[in-house]
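The values are calculated or read from the model by the stated rules, or taken from the named source; none is laboratory data. Please read all numbers here as calculations on a predicted model, not as lab measurements. Here the Cβ positions follow ideal geometry from the backbone for every residue, glycine too, while neighbour counts run over all protein chains shown.
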Amino acid sequence: MLMTITQYKIRYAYSARDDVAGIKEYILLNFKYCQLVENFKKKMQKIEKGLNSFPDGYEPSGFIYRGYTIYMKPESTYLVFYVVDKPSKTVFILRVLQDGMNWKYIIDRKNIFRLGLIKI
């Protein structure tokens, strides 16, 4: 019996979009090396690919947003926070943070995310 894997759409909340733009800007301003930005883009594509087919496979963060569990996916030096809407088969990436940041404080303090249908 062949099992089909559900493919989820990936969407970015405005807060995650701002995080990604800030990381790219930080890389360019501090390192002035475009290849590092390309490497970051590849990491984000890898993250999307992992979330696309198996979003429930990562650690719950312990936080809830509008009834949805906020998951945390570590990737390299980044932490990606997201929720899964199973009826619409959509993963909403809420935040992309550096792993050295106090993510519990940030997620708890800013547990208001403007969700948008943004694909980056």
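Observations
- Selected residue (criterion: surrounded by the fewest Cβ atoms within 10 Å (Cβ to Cβ)) from residues of the range 44-88 that are farther than 19 Å from Gly100 by Cβ and of a type in the set (Val, Ile, Thr): Ile64
- Residue selected from the range 32-64 under the condition modelled with pLDDT under 85 and in contact with a helix residue (DSSP H, G or I) (Cβ under 9 Å, 6 or more places away or on another chain), by the criterion nearest to Arg11 (Cα to Cα): Cys34
- Residues within the range 5-17 that are out of contact with any Gly (no Cβ under 9 Å at 6 or more places or on another chain) and either farther than 16 Å from Met101 by Cα or polar (S, T, N, Q) (or both), tallied: 7
- Condition check for Leu36: out of contact with any strand residue (DSSP E or B) (no Cβ under 9 Å at 6 or more places or on another chain) and in a helix (DSSP H, G or I): yes
- Residue among Lys9, Lys24 that is under 14 Å from the mean Cα position of the chain (by Cα) and surrounded by 11 or more Cβ atoms within 10 Å (Cβ to Cβ): Lys9
- Tallying residues that are out of contact with any Leu (no Cβ under 6 Å at 6 or more places or on another chain), within 16 Å of Ser15 (Cβ to Cβ) and in a strand (DSSP E or B) within the range 83-104 yields 6.
- Look at the range 30-44: where a residue is more than 15 Å from Glu75 (Cα to Cα) and a partner is part of a helix (DSSP H, G or I), sitting 6+ places away or on another chain with Cβ atoms under 6 Å, you get Leu36/Ile27; Val37/Lys24; Val37/Ile27.
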